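> Take a look at this one; I'll ask things after.
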Number of protein chains: 2
Amino acid sequence: MSAVAANVQDSIVLFGDSITQGSFEPGFTGFGQRLAHIYARRLDVLNRGLSGYNTEWAVPVLKECLVTGPDCSLSPKIRLITIWFGANDACIKSSPQHVSLGKFIYNLNHMVTLVRSSGSSDYSVETRIVLITPPPVNTYQRAADLASRDPPKACDRDFEVTREYAAAVKTVAEQKKVAVVDVWTALYEAAGEDERTLSKFLVDGLHLNEAGYQIVYDELMKTIQKEYPDVYYENLPFTFPP
Amino acid sequence: MSAVAANVQDSIVLFGDSITQGSFEPGFTGFGQRLAHIYARRLDVLNRGLSGYNTEWAVPVLKECLVTGPDCSLSPKIRLITIWFGANDACIKSSPQHVSLGKFIYNLNHMVTLVRSSGSSDYSVETRIVLITPPPVNTYQRAADLASRDPPKACDRDFEVTREYAAAVKTVAEQKKVAVVDVWTALYEAAGEDERTLSKFLVDGLHLNEAGYQIVYDELMKTIQKEYPDVYYENLPFTFPP
């Protein structure tokens with residue numbers, strides 16, 4: 001017989017691709033780990049990162065991850081959701097992961113609408129949505145990584161294309177009036193606007209290392225504190241008393 | 001309006017004191033972080049660590065964390081629960097955290113019974129229970145840490161007393177026929193059975209550092225693979241396809 005986890009506290013959902021899925025990776029400190037720690041005894045952090053996914057494949061998953069209707073009261077409310085895609089959508093056109101810019105924008109809009117229209121109208125508390133821009137690609141590092149594989153692969157990302165997808169995320173956020181964490185710009189500026197220097201923040205030209213995730217976490221917490229103070233960790237009570 | 005997190009995958013519950021709560025702490029890799037990573041897209045890891053708690057205070061919380069009855073189908077099943085107490089129960093008698101050895105054994109038994117009797121009999125899948133023994137205390141390190149505080153405090157733990165509480169956890173596990181991870185013995189042996197050498201695994205004589213948590217994780221995964229292979233991560237399908 002299975003015990004069942006009661007809905008004792010609300011949740012934060014981290015929705016995205018491998019950069020989200022890998023945010024608890026051992027050996028360094030990712031942004032998922034930091035959130036799980038700082039929100040301990042306040043909100044559960046649910047990792048809904050899907051390595052390899054683009055927005056096209058992720059939309060049906062998001063539908064499955066959200067409940068609608070009267071049964072909602074037994075499941076944890078999502079107080080905050082981060083939606084972080086673009087790194088795979090921005091693959092070169094010949095890649096199966098590629099999603100056109102227009103379709104990417106459509107899918108992101110659709111995700112925001114899905115979150116806003118799900119749940120039950122019984123809840124007065126709003127789910128806070130944060131869009132995150134994909135990190136800049138260091139194509140030198142990425143090309144070297146792919147060339148070293150067996151068999152070697154050609155580079156599958158382009159610096160300027162990912163920049164366009166990042167800009168599109170910001171536009172969607174403005175239009176939908178949700179907060180955005182512009183990881184692309186934060187990392188690029190931290191790298192002195194030099195693509196090669198991005199290796200300070202990237203493991204393989206695409207995925208983040210601890211220093212990269214630290215910037216993501218810091219920017220996210222600043223954004224939450226400013227835009228959504230109701231879900232800033234210090235403003236949430238402990239579920240069980242200290 | 002709040003979006004609500006659907007019950008897309010079952011869960012692992014980490015129930016314990018500060019040594020559980022701190023298992024996602026940034027700056028090093030704790031066992032909570034490792035589990036969250038290895039079980040990503042298979043089981044959610046819910047941190048129910050309660051800093052400062054002993055078993056007496058934790059029993060009512062465990063009741064709140066478990067659901068019983070027909071409504072269970074909407075909430076995540078607990079496939080595995082770790083129950084890790086003793087570090088605070090074993091405080092010296094003058095401490096408000098102290099719980100007598102007899103009461104500690106009673107409470108642990110009660111926790112196992114609560115998990116086994118909760119949920120709904122509709123579920124054929126059993127919740128796997130792992131008891132964990134408290135780590136050995138390095139009283140030299142602990143005393144120095146407490147003496148350095150403002151105001152200074154006297155040492156509140158005893159090496160031999162914690163050993164007795166650890167032994168009691170093993171006895172309860174045998175009697176209740178649940179798996180046990182004997183962290184006390186694993187760490188003491190790794191320290192060459194020398195109390196002072198335990199500083200290799202402890203931050204402050206009481207709480208674990210990365211090397212300490214690594215042993216906990218390794219022992220836990222060995223135990224799961226051997227005793228409960230149905231919840232060993234490699235034997236669980238991905239919730240969403242790769």
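A short reminder: the numbers here are calculations on the coordinates, not readings from a lab. Since the structure is predicted, the reported quantities are computational estimates derived from the model, not experimental observations. Cβ atoms come from the backbone with ideal geometry, glycine included; neighbour counts cover every protein chain shown.
> Across the protein assembly as shown, how large is the tail of the calculated P(r) beyond 38 Å, expressed as a percent of all Cα pairs? Display every interim value, and only then the final one.
Details: 33349 of 116886 pairs.
Tail of P(r) above 38 Å: 29 percent of Cα pairs.
> Pairs of alpha-carbon atoms within less than 8 angstrom and 6+ residues apart define the contacts here; what relative contact order does segment B:11-235 have, in percent? Kindly include the intermediate steps, with their values, before the conclusion.
Working: 393 pairs, mean separation 47.7, N = 225.
In percent, rounded to a whole number, it is 21.
> Also: Compute the semi-axes of the equivalent ellipsoid of chain A, taking the square root of 5 times each eigenvalue of the Cα gyration tensor, and list them largest first in whole Å.
31, 20, 17
> Taking chain B as the reference, fit the longest principal axis to its C-alpha atoms, fit the long axis of helix B:159-176 to the helix C-alpha atoms, and give the angle between the two in degrees, 0 to 90, nearest 10.
In chain B, helix B:159-176 runs at an angle near 30 degrees to the longest axis.
> Only bridges whose two residues both fall in chain A count here: according to DSSP, what percent of them are antiparallel, nearest 5? Don't jump to the answer; show the numbers that get you there.
On the way: 1 of 22 bridges.
Beta bridges within chain A, antiparallel portion: roughly 5 percent.
> Quick one: angle between helix A:210-227 and the longest Cα principal axis of chain A, in degrees between 0 and 90, rounded to 10, please.
Computed tilt is about 40 degrees.
> Taking 18 Å as the cut-off for C-alpha to C-alpha distance, list the pairs among A:Lys63/A:Lys170; A:Lys93/A:Lys153; A:Lys63/A:Lys226; A:Lys103/A:Lys170; B:Lys200/B:Lys226 that go past it.
A:Lys63/A:Lys170; A:Lys63/A:Lys226; B:Lys200/B:Lys226
> With the label 7 angstrom out along Cα to Cβ, how close does A:Pro96 come to the same site in each of the other copies, in nm, nearest first?
Here A:Pro96 shows inter-copy label distances of 6.0 nm.
> Ordered shortest first, which distances in nm separate the 7 Å Cα→C-beta label point of A:Lys63 from those of the other copies?
Counterpart label points of A:Lys63 in the remaining copies fall at 4.3 nm.
> For A:Thr171, what is the net charge nearby, where nearby means another residue's Cβ is under 15 Å from its Cβ and Lys, Arg count +1, Asp, Glu -1? Walk me through the numbers before you get to the answer.
Working: positive: A:Lys103, A:Arg163, A:Lys170, A:Lys176, A:Lys177; negative: A:Asp89, A:Glu164, A:Glu174, A:Asp182.
With Lys, Arg at +1 and Asp, Glu at -1, the neighbours total +1.
> I would also like to ask the following. Quick one: if you take sqrt(5λ) for each eigenvalue of the C-alpha gyration tensor of segment B:117-242, what semi-axes come out, biggest first, whole angstrom?
Working through the eigenvalues yields semi-axes of 34, 17, 14 Å.
> Something else about it: Hey, how many Å between the Cα centroid of segment A:26-47 and the Cα centroid of segment B:1-66?
Cα centroid to Cα centroid, the span is 10 Å.
> Under the definition of partner shielding as Cβ atoms of other protein chains within 10 Å of a residue Cβ, what is the mean value for peptide A:44-52?
On the way: counts 7, 6, 9, 7, 8, 2, 7, 4, 2.
Averaged over the peptide's residues, the number is 6.
> Then there's this: In whole angstrom, how long is each semi-axis of the equivalent ellipsoid of segment B:193-242, when you take the square root of 5 times every eigenvalue of its Cα gyration tensor and sort them from largest down? Provide the component values of the computation, followed by the final result.
Working: eigenvalues 206, 34, 8 Å².
Ellipsoid half-lengths, sorted descending, are 32, 13, 6 Å.
> Taking the Cα centroid of segment A:72-122 and of segment B:86-116, what is the distance between the two, rounded to the nearest whole Å?
Each part's Cα centre sits 46 Å from the other's.
> Which of the trypsin sites (Lys or Arg not before Pro) found in segment A:70-170 are loop residues per DSSP with 13 or fewer other Cβ atoms within 10 Å of their Cβ? Let's see the in-between values first.
On the way: sites: A:Lys77, A:Arg79, A:Lys93, A:Lys103, A:Arg116, A:Arg128, A:Arg142, A:Arg149, A:Lys153, A:Arg157, A:Arg163, A:Lys170; in loops: A:Lys93, A:Arg149, A:Lys153, A:Arg157.
Hits after loop and neighbour filter: A:Lys93, A:Arg149, A:Lys153.
> Where Rh is the Kirkwood radius over the Cα pairs of segment B:120-187, the temperature 10 °C and the viscosity 1.306 mPa s, what D in µm²/s does Stokes-Einstein return? If you can, show how the numbers build up before the last one.
Numbers: Rh = 14.2 Å.
Here the translational diffusion coefficient equals 112 µm²/s.
> Follow-up. Could you give, in nm with one decimal, how far A:Pro242 is from each other copy of that position, shortest first, with labels 7 Å out from Cα toward Cβ?
Here the equivalent label points are 4.4 nm apart from this one.
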